[in-house]
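Student: I'd like to ask some things about the structure below.
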Amino acid sequence: METDNTGGNMGGKADVEMSENPLEPFIESLRQQLEEQDPVFLIGVIVGLAVVVITCVFLKYFLSSKTVRSAVLLVGLCDAGKTLLFSRLLSGKFKRTQTSITDSSAPYKAKHERGSTWTLIDLPGHDSLRSQYLEKFKSSARAIVFVVDGAIFQKEVRDVAEFLYILLTDTVISRNAPALLVACNKQDITMAKSAKLIQQQLEKEMNTLRVTHSAALSSQDGSVGGSVYLGKKGKDFEFSQLPLKVEFLECSARGSKGEEGGADIESLEKSLAKL
């Protein structure tokens, strides 16, 4: 009886081993076939598979990089009117605002026949916060709306140019090249500077900043590291020299009729509709 049980156990173990390796005959057959193949053929197969894998990885990265950048960032100094502009673009309504200390975001549907929808993000303008929020959202930017207070631009030109310089020399922004819309706000105020004048003064200021920043960032061997050179070397700076599309436009988030009326932001809405 004991002998019969031992034999039964051995037979059971064999059955288990057979059931655990159902693909073994196939694997052995495949191994033999590969050994019989010409090495050149095998190398060709491996190279072909590698090309397919690399192509798939590249396409995934390329397509994802295109679809991820669906944000429109509202940036600028404090009190430039970004948050009111944010409200006007979304609902058309006037809203009393205060200095933002965090970001606000909402879906924004462009006003054109296709009706594309972007994520509109209002970033804080305080100098202690703007850099960290720009760092957080810059990779997803399809467009950047740089809001300028046209009424007091003459007093803020240096600070505006500094922030714009930091933004434009950022390596991620330079590589992705989002559209840049410089919204010269508060045009309802009589003394507000025009978009043309603001562009001209910023180009002069950026030209000066380019020289001072390049000198400060130069390493001992004379090369500049960690920053994108703005414009063309040997020429005075102009926004037309940049790799991204730049447009200066005039608007008034408050509107000429004040709180009771609508905003004058048609030019901005048209530009956003072209994204």
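The values are calculated or read from the model by the stated rules, or taken from the named source; none is laboratory data. Treat the numbers as computed from the prediction; the structure is a model and nothing was measured. Reconstructed Cβ throughout: ideal geometry from the backbone, glycine too, with neighbour counts over all protein chains shown. Protein only, heavy atoms only, side chains kept; ligands, DNA and RNA dropped before computing areas. Shrake-Rupley method; radii C 1.70, N 1.55, O 1.52, S 1.80 Å.
Student: With every protein chain present, what is the per residue accessible area of the stretch 71-220 (1.4 Å probe, Å²)?
Tutor: Spelled out: the 1.4 Å probe surface of the stretch 71-220, per residue, equals 47 Å².
Student: Among 164, 153, 134, whose Cα sits farthest toward the positive end of the charge dipole of the stretch 117-173 (+1 at Cβ of Lys/Arg, -1 at Cβ of Asp/Glu, about the Cα centre)?
Tutor: Farthest towards the positive end: 134.
Student: Right, something else. Tally Lys/Arg at +1 and Asp/Glu at -1 over every other residue whose Cβ is under 12 Å from the Cβ of residue 206; what's the total?
Tutor: -2
Student: Quick one: Cα convex hull volume of the stretch 130-275, Å³ per residue?
Tutor: Output value, Cα hull per residue: 120 Å³.
Student: For a Förster distance of 35 Å, can you work out the FRET efficiency between the beta-carbons of residue 95 and residue 177, rounded to the nearest 0.05?
Tutor: In this case the efficiency is close to 0.60.
Student: Continuing with the same structure: Modelled label-to-label distance, residue 128 and residue 46, 7 Å Cα→beta-carbon offset: nm?
Tutor: According to this spin-label approximation, the distance is 6.0 nm.
Student: For every other residue with a beta carbon closer than 12 angstrom to the beta carbon of residue 165, add +1 if it is Lys or Arg and -1 if Asp or Glu, then tell me the sum.
Tutor: Counting the neighbours of residue 165, the net charge comes to -3.
Student: Percent of accessible area on the stretch 231-275 owned by carbon and sulfur, 1.4 Å probe?
Tutor: Carbon-and-sulfur percentage of accessible area, whole number: 42.
Student: Once you put a point 7 Å from the Cα of residue 136 and another 7 Å from the Cα of residue 27, both along the Cβ direction, what distance in nm separates them?
Tutor: 5.1
Student: Just to confirm a number: summing +1 for Lys and Arg and -1 for Asp and Glu over residues other than residue 265 whose beta-carbon lies under 11 angstrom from that of residue 265, what do you get?
Tutor: 0
Student: For residue 190 and residue 207 in the same chain, what is the full-extension length gain: residue separation times 0.36 nm, less their Cα-Cα distance, in nm?
Tutor: 3.3 nm
Student: Here's something else I'd like to know. Go ahead and run the numbers for FRET between residue 79 and residue 56, Cβ-Cβ distance against an R0 of 41 Å, rounding to 0.05.
Tutor: Rounded to the nearest 0.05, the efficiency is 0.25.
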